[in-house]
Structure formats: structure tokens, C-alpha cells
Amino acid sequence: MAQKKWSDLSIGQQRAIYVAGAVEAVLTAAALWDLARRPADEVRGPKAVWALASFVQPVGPLAYFAKGRR
């Protein structure tokens, strides 16, 4: 099966990709912002590991908000 080009996608599909990308970017930024301002004793595990995990899309930021904060 050949890969589709961007121009082969419908306008709706293109918009969905833009929205998904924007949501991932906002979640990542929010996780990193919260992590930078939260004291280390309010974070489960090393802050550096959570910062790196935040770049694993889409589960990293969601995992931080669900399990990384006390």
C-alpha cells in the first residue's frame, strides 16, 4: 500500500491532524510548565525522567498528569 501524500487527504483529515498536533503540543507544554514549577517533593520520581517522558507522545504528558504528581 502506497503512502498518502498530504494533498491526498481530505480537508477534514488535514484539520484533524492539525488539531491533534496542537493538542499534543499544548499538553506537552503544560506538563513541562507544571513540572518546572512544582517542588520535587510533589513529584513522584525524578523530575528529569518526567521531563523526558513528556516528549513521548501522546502518553507522556497524560501519564505525568495522571501519575506523576502527588
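Data for the structure
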read-out	value
Cβ pairs under 8 Å, 6+ apart, first in segment 43-57 and without any contact (Cβ under 8 Å) to a residue 60 or more places away in the chain and over 15 Å from LYS67 (Cα atoms), second charged (D, E, K, R) and open to solvent by less than 90 Å² (accessible area, probe 1.4 Å)	GLN57/GLU24
Subset of segment 21-35 (residues that are without any contact (Cβ under 8 Å) to a residue 12 or more places away in the chain and open to solvent by less than 70 Å² (accessible area, probe 1.4 Å))	GLY21, ALA22, ALA25, ALA29
Residues of segment 5-20 satisfying the condition of being more than 23 Å from VAL59 (Cβ to Cβ) and either in contact (Cβ under 8 Å) with a residue 24 or more places away in the chain or small (Gly, Ala, Ser) (or both)	SER7, SER10, GLY12
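The values are calculated or read from the model by the stated rules, or taken from the named source; none is laboratory data. The structure presented is a predicted model; accordingly, all values stated were derived computationally and were not measured. Glycine gets a Cβ as well: all are built from the backbone with ideal geometry, and neighbour counts include every protein chain shown. Note: areas computed on protein heavy atoms with side chains; ligands, DNA, RNA excluded. Shrake-Rupley method; radii C 1.70, N 1.55, O 1.52, S 1.80 Å.
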